1. Considering only the other residues whose Cβ falls under 11 Å of the Cβ of residue 350, what net charge follows from Lys and Arg at +1 and Asp and Glu at -1?
2. Along its three principal axes, how long is region 10-112 when you only count alpha carbons? Whole Å, largest extent first please.
3. Over the chain, what portion of Cα pair distances is larger than 38 Å, expressed as a whole percent?
4. Quick one, what does Rg over Rh come out to for region 116-235 if you take C-alpha atoms and the Kirkwood Rh?
5. Restricting everything to alpha-carbon atoms, can you work out Rg to Rh for region 244-432 with a Kirkwood hydrodynamic radius?
6. Which of 60, 301, 240 sits closest to the plus end of the dipole of the chain, meaning its Cα is farthest towards the positive end, when Lys and Arg get +1 and Asp and Glu get -1 on the C-beta?
7. Once each part is reduced to its C-alpha centroid, what is the distance from region 329-365 to region 281-296 in angstrom?
8. How high is the relative contact order of the chain, in percent, with contacts defined as C-alpha pairs under 8 Å that are six or more residues apart?
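No value in this document is a laboratory result; all are computed from the given coordinates. Owing to the predicted nature of the structure, the values given are computational and were not obtained by experimental measurement. Methodologically, a virtual Cβ is constructed for each residue, glycine included, from the backbone with ideal geometry; neighbour enumeration extends over all protein chains shown.
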Amino acid sequence: MNAMNTSEFCTLLGILDDGWDGLSAAARERLGNADLVIGAGRTLELVAGKLAAGTQRKDMDGVLGEVPGWIAAAQAADHSVVVLATGDPLCHGIASWLAGKLGAVKIEILPSVSTLQIAFARFRKPWNEFAIASCHSVDAGEWTLGATPEHGLYPLIRAVARSAKVAAFTGPHNTPARIARALRTAGYGEDTRVSVACRLLLPDEQLFADLSLEQAATMAFPEPNVVLIERDADDRQPTFGREDDEYQQRTPDKGLITKQEARALSLAKLRLAADAIVWDIGAGSGSVGLEAARLAPLGHVYAIEKNEADAANARANALRFRASNYTLADGRAPEHLDSWPDPDAVFIGGSGGELPALIRLILGRLKPGGRLVMNFVTLENLAAATAELTAASASGNLSWDVVQLQASRSQPILDMHRMAAQNPVWIVTAAKDFNHGGHGEHSEKPNN
């Protein structure tokens, strides 16, 4: 038995489809001295003829959760253990999961070259320009507009939203064709192309370079494979500050939208972190929620709208702006809110007459340090909101303030311009104390 493989140590070894021939001398030594080799069926077959006669093999396909127990039992018997993984187990592989179960100091990692590195070499593309993602998981199903973070393709679609070049590990269900269909559903088109590398290092290796999404969406690619996704860099969108007329809005009542000036201040008051969970109550055309989705690229926006025409416009805007971290529900709050994760920030643009109860519900769900921002154009709603916040702040740990915003925009008159006043908007902000789950006292100073 190899001296390194004590009862407290196992080797995690990367292997590719060229099998034994592609392994280093150290990797071959570990396998030759192993008492137990654990791997997926296809990786075990790659080394089957090279193991010692008494070496035990265990197939982890479908039973990954049992692997730590197998290792512990072998180590208790002072047997050396090798776990096989594909390529580099530290790149979207088993290494981090296994280290979390056993402890990183109890694992020796001998990586191979990643299949993505080989794909980059085949297509002659520099890997440092690409973000890396994976959908090598259980069957995720087809992508739908408004899918939530639980969807198996979500990390990949979000990676594409954040980077013009993405390399992805695929899976038997989440194939290159499904990925291409998902990208089309998410709003990508002729500006996006995929390259697929299939059966790398095998005699029947195949490469498909620079396919359009339309081409790739219906193709059957040999397995296993990896995908490189590239889109033109000239589709850059503003992170913040869209003009009102960029949003599809309801007609003939055009203008049912949070105006840019109020939108900008409201978003500033929300103080969104990159990974914020945001609720948008009364989404209207989606202007606040969709800009919040851009400001929180690692987070997710959950929106609700009761008006069918407005909801249709919000969905059209989400598709146009490729907002894949935005989910819109049809209905009137508090419907659906019980199925959403607790928020870091909440915006209320419309409450459907349920304002006091809605404020109480949100303050109960809002995370410590979270913010509730509300826009009002009527005195009655302003009074109802401030009365509810006053009552909530009496028990401590909540601060709130009100800003009246009144803006004027230039309008042409003959060969000159005049200033046309917009309706005043009251922007109410409530902030929950970081150190408490309850409410706090009203601050007389603006809570900036």
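1. Values: positive: 306, 332; negative: 280, 305, 310, 354.
Its environment carries a net charge of -2.
2. 31, 31, 26
3. Working: 41359 of 100128 pairs.
Of all Cα-Cα pairs in the chain, 41 percent lie more than 38 Å apart.
4. Details: Rg = 13.1 Å, Rh = 14.1 Å.
Looking at region 116-235, the ratio lands at 0.93.
5. Checking Rg against Rh, the ratio lands at 0.97.
6. 240
7. So the separation of the two Cα centres works out to 15 Å.
8. Numbers: 938 pairs, mean separation 45.3, N = 448.
With pairs under 8 Å counted, the relative contact order is 10 percent.
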